[in-house]
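The values are calculated or read from the model by the stated rules, or taken from the named source; none is laboratory data. Everything quoted here is computed from the prediction, not taken from an experiment. As a convention, Cβ positions derive from the backbone with ideal geometry for all residues, glycine included, and neighbour counts pool all protein chains shown. Areas reflect the complete protein model, heavy atoms only, side chains present, ligands, DNA and RNA absent. Shrake-Rupley method; radii C 1.70, N 1.55, O 1.52, S 1.80 Å.
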Amino acid sequence: MNPFIARLRGGGPAPLGIFLMSGSPIVAEAIGCNGFEWAIVDAEHSPIDVADVAHMLMAIGSTPMLAVVRAPWNEPVIIKRLLDAGAATLLVPFVQDAEEAARAAAAVRYPPQGLRGMAGLSRASRFGAVADHFRRANAGVGLIVQIETPQALDRIEDIAAVEGVDAVFIGPTDLSGSMGLYGDGAHPDVQAATASAIARCKRIGKPVGTLAATLESAAALARQGADFVVLASDLGLLLGQVRTARAAWKTAFGGGQDGQASTVRY
Ligand code: 3PY
Ligand code: MG
């Protein structure tokens with residue numbers, strides 16, 4: 001079974017997760033060596049391309065951290081290339097209904113379950129060294145679909161029940177946008193929608209995750225039953241320290257450029 005999905009199904013505390021947006025294999029490796037348990041390599045909202053994904057997976061693979069790769073879109077050609085580059089667990093954004101979920105499930109699996117194309121020398125097969133790769137790959141792949149609109153929330157049970165969907169991830173930022181609350185993932189309406197989505201996934205026994213803006217909200221989401229929570233992003237943590245250093249410098253010496261006051265984390 002896919003190690004990340006196995007971890008979610010094993011119960012226990014929500015594993016500590018991070019978005020990797022900087023595209024740096026060194027940063028990914030360093031974070032993996034320092035206690036984060038899983039990471040999303042974000043090929044949707046960062047300049048990370050397929051070759052970057054391969055390099056980041058090489059770096060992460062040398063650490064205990066588990067990698068989830070977010071595809072830029074629910075598109076079989078892109079998904080095939082990410083899988084060939086070695087992604088084992090795919091996060092597919094903006095899945096709106098059961099039909100789109102089924103399309104994602106088909107994209108990540110070889111025939112007869114799916115339509116993933118076959119090549120002998122992919123990184124996924126250790127460049128052909130895994131002799132029975134084609135026979136074993138489907139069982140090792142994990143698929144997490146993102147729910148990011150009220151329309152998708154309405155159909156969450158149907159989406160989650162699709163054969164081959166292993167877990168669901170609520171995207172509060174896009175959800176806030178589609179609710180007319182642009183970027184305000186912490187808005188009480190977005191939080192209520194997220195809480196209800198978590199409860200509904202729990203009822204049907206489907207692992208569910210989301211992202212948190214603070215440690216307190218991560219704890220609240222875990223109490224509601226979220227099986228996996230992203231706490232931060234590499235860029236967000238870096239910029240948090242950049243802002244702290246700038247403020248300290250200004251207090252000490254009165255200088256330093258004034259930057260943006262944003263505290264956005266993702
Ligand atoms: C969202 O919040 O919209 C996401 O996709 C998670 O980053
Ligand atoms: Mg999103």
Quiz item: Hey, got the dipole for the range 58-171? About the Cα centre, +1 on K and R Cβ, -1 on D and E Cβ, debye to the nearest 20?
Solution: 720 debye
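Expressed as a whole percentage, what fraction of the accessible surface of the chain belongs to carbon and sulfur atoms when a 1.4 Å probe is rolled over the protein heavy atoms?
Values: 7310 of 12510 Å².
Its accessible area is 58 percent carbon and sulfur atoms.
Size of the dipole of the range 1-120 about the Cα centre, Lys and Arg at +1 and Asp and Glu at -1 on the beta carbon, nothing else charged, in debye to 20?
My answer is approximately 360 debye.
The chain: Rg/Rh from Cα coordinates, Kirkwood Rh? Please report the intermediate quantities before stating the final value.
Numbers: Rg = 18.8 Å, Rh = 19.1 Å.
In the chain, Rg relative to Rh is 0.99.
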Quiz item: How many angstrom separate the Cα center of the range 1-66 from the Cα center of the range 180-237?
Solution: 19 Å
Quiz item: Based on the Cα coordinates of the range 1-156, what is the per residue volume of their convex hull in Å³?
Solution: 114 Å³
Quiz prompt | the chain, dipole about Cα centre (Lys/Arg Cβ +1, Asp/Glu Cβ -1), debye to the nearest 20 | solution = 640 debye
Quiz prompt | Residue-averaged [θ]222 nm for the chain, counting only DSSP H segments that reach four residues, each worth -39500 (n - 2.57) | solution = -13000 deg cm²/dmol
Quiz item: Top to bottom by accessible area (1.4 Å), largest first, where do Cys201, Cys33 land?
Solution: Cys33, Cys201
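Send over a whole-number figure in Å² for the accessible area per residue of the range 55-198, probe 1.4 Å.
43 Å²
Above 13 angstrom, tally the Cα pairs of the range 1-71 and express them as a % of all pairs, no decimals. Present the calculation step by step, with values, prior to reporting the outcome.
Values: 1504 of 2485 pairs.
The answer is 61 percent, as a whole percent.
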Quiz item: Most fluctuating residue of Lys202, Lys80, Lys250 in a GNM of the chain with Cα springs under 10 Å: which is it?
Solution: Lys250
Exercise. Among Met65, Pro15, Ile40, flag the residue with its Cα farthest along the positive direction of the charge dipole of the range 1-68, charges on Cβ as +1 for Lys/Arg and -1 for Asp/Glu.
Key: Pro15
Self-check item: Which of Ser176, Ile204, Pro111, positive extreme of dipole for the chain (C-beta unit charges)
Solution: Pro111
